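Undergrad: Supplied in structure tokens, the structure appears directly below.
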Amino acid sequence: MKIVTLTVLSTLLALAGCATVPPPPPAGLAIDRTLSARGQSDRVKYIIVHYTVSDLPRSIKILTTQDVSAHYLVTDADQPTVYSLVDESRQSNHAGYSNWKIYNQLNAASIGIEIVNPGYKDTPQGRAWYPFKPAQIDQLVLLLKDIVKRHNIRPENILGHNEIAPQRKLDPGPLFPWKRLADEGLITWPEPSRVAARLPGYQQQLPDVFWFQRTLAQIGYAVPQTGVFDTATRNVLAVFQTKYRPTLFDGTMDAETAALLDVLTSPLPVLPAAPVAAPAGVETAPVE
Ligand SMILES: [Zn+2]
């Protein structure tokens with residue numbers, strides 16, 4: 001009889017979409033789960049994209065047997081496999097020392113996705129980057145859409161590893177198709193007509209170093225606020241260009257980069273919504 005009751009209960013929980021059933025408390029401890037706090041949020045606020053700089057066997061070996069890890073690994077087979085290596089409820093070690101807006105150590109607040117890709121090789125003709133396979137990006141787009149939906153990730157919170165660690169990382173590199181992600185509705189993209197409209201002004205007069213540093217920081221990059229065009233500032237500018245203008249990412253302050261930054265940091269005005277009165281009877285009490 002008891003077995004039947006438990007079976008019915010587990011079926012009901014499954015039908016209710018209950019993903020995890022808490023284990024029963026130890027004997028002597030009574031936990032009442034009938035209440036729930038409003039003030040809580042999802043651990044996952046960011047998705048960070050990487051390339052592995054290794055072939056598949058080595059990528060699997062490193063990501064499953066060493067300290068470094070990722071939640072997902074997208075292979076480079078003709079029909080890529082997407083491996084889940086770490087449960088999304090848990091932290092993986094993919095970001096390292098990292099900064100974005102108020103966050104540092106992004107591992108705690110993100111899902112990391114590694115894509116099998118060798119990165120680049122330096123040749124006498126210059127640095128050559130390895131392209132991603134279209135099938136890899138197709139799988140990545142499906143994976144991103146699924147994660148975004150389940151965790152309600154904001155478009156500006158899908159980032160490359162180089163964006164959160166601009167002084168030491170280059171991945172996912174200039175051949176990663178951020179524009180495709182924008183076309184899929186996954187990330188924000190500077191509207192080309194607005195960029196074109198602002199370009200002449202910046203061609204006439206380029207903003208000073210402090211303006212570039214301030215707008216880069218406004219987007220989220222960790223960048224000095226000194227007014228001095230130093231190596232750290234150049235590196236961050238190059239990372240920004242790698243994403244939004246991958247045809248030229250030398251880290252130089254130029255008019256087109258200024259126009260791109262301007263458009264990304266000045267969103268179109270949204271018509272104000274009618275004020276909504278607070279529901280009757282709702283009180284807020286200070287909590288320390
Ligand atoms: Zn990386």
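Undergrad: What is the distance, in nm, between label points placed 7 Å from the Cα along the Cα-to-Cβ direction at residue 231 and at residue 29?
TA: About 5.1 nm separates the two model spin labels.
Undergrad: Suppose R0 equals 51 Å; then what is the FRET efficiency for residue 81 and residue 208 from their Cβ-Cβ distance, rounded to the nearest 0.05?
TA: That pair, residue 81 with residue 208, gives E of 0.55.
Undergrad: Give the carbon-plus-sulfur fraction of the accessible surface of region 46-183 in %, rounded to a whole number; probe 1.4 Å, heavy atoms of protein chains only.
TA: Carbon with sulfur: 51 percent of the solvent-accessible area.
Undergrad: DSSP beta bridges in region 46-183, what fraction antiparallel, as a percent rounded to 5?
TA: 45
Undergrad: Something else: Cross-link partners among aspartates and glutamates for residue 45, C-alpha distance below 19 Å, same-chain residues fewer than 8 apart left out?
TA: 87, 88, 114, 146, 156, 163
Undergrad: What residues qualify as long-range amide H neighbours of residue 153, i.e. H under 5 Å apart, gap of 5 or more or another chain, H built at 1.01 Å from N?
TA: Under 5 Å from the amide H of residue 153 lies no amide H from a residue far enough along the sequence or on another chain.
Undergrad: May I pose another question? If you take the alpha carbon radius of gyration of region 81-225 and divide it by 2.2 N^0.38 Å, what ratio comes out, to two decimals?
TA: For region 81-225, the normalised Cα radius of gyration is 1.18.
Undergrad: Net charge around residue 207, counting only other residues with Cβ within less than 14 Å of its Cβ (Lys, Arg = +1; Asp, Glu = -1)?
TA: That works out to -2.
Undergrad: Further, regarding this structure: For residue 119, what residues show an amide H to amide H distance below 5 Å, using hydrogens built from the backbone and excluding near sequence neighbours?
TA: 53, 130
Undergrad: What is the sum of charges around residue 252, taking Lys and Arg as +1, Asp and Glu as -1, for the other residues whose C-beta is under 15 Å from the C-beta of residue 252?
TA: -3
Undergrad: If one puts a single equal scatterer on every Cα of region 192-265 and applies the Debye formula without solvent, what log₁₀ I(q)/I(0) results at q = 0.16, 0.17, 0.20 Å⁻¹?
TA: -0.49, -0.56, -0.78
Undergrad: OK, next. Sorting 69, 89 by accessible area (1.4 Å probe), largest first, what list results?
TA: Largest accessible area first, the list is 89, 69.
Undergrad: Further question: For the chain, what does the relative contact order come out to in percent, with C-alpha contacts under 8 Å and a separation of six or more?
TA: 16
Undergrad: Give me the extension gain from residue 265 to residue 194: residue separation times 0.36 nm, minus the current Cα-Cα distance, reported in nm with one decimal.
TA: 24.4 nm
Undergrad: Please give, to one decimal in nm, the separation of the simple spin-label points placed at residue 252 and residue 217, each 7 Å out from Cα toward the Cβ.
TA: So the label points at residue 252 and residue 217 sit 2.6 nm apart.
Undergrad: Residue by residue through region 38-48, what is 3J(HN,Hα) from phi via Karplus (6.51 cos²θ - 1.76 cosθ + 1.60, θ = phi - 60°)? Round to whole Hz and write x for glycine and proline.
TA: Each residue of region 38-48 in turn: 6, x, 8, 8, 5, 4, 8, 10, 10, 10, 10 Hz.
Undergrad: Carbon-plus-sulfur fraction of the accessible area of region 192-265, 1.4 Å probe, in percent?
TA: Carbon and sulfur together cover 55 percent of it.
Undergrad: Accessible area per residue of the chain at 1.4 Å probe, in Å²?
TA: For the chain, the per-residue accessible area is 61 Å².
Undergrad: Given H placed on each backbone N at 1.01 Å, which residues far from residue 69 in sequence or on other chains put an amide H within less than 5 Å of it?
TA: 93, 94
Undergrad: What is the extension gain from residue 61 to residue 102, computed as 0.36 nm multiplied by their sequence separation minus the C-alpha to C-alpha distance, in nm to one decimal?
TA: 11.4 nm
The values are calculated or read from the model by the stated rules, or taken from the named source; none is laboratory data. Quantities reported herein were computed from a predicted structural model and do not represent experimental measurements. Note: ideal-geometry Cβ built from the backbone for every residue, glycine included; neighbour counts use all protein chains shown. What goes into the accessible areas is simple: the full protein's heavy atoms, side chains included, and nothing from ligands, DNA or RNA. Shrake-Rupley method; radii C 1.70, N 1.55, O 1.52, S 1.80 Å.
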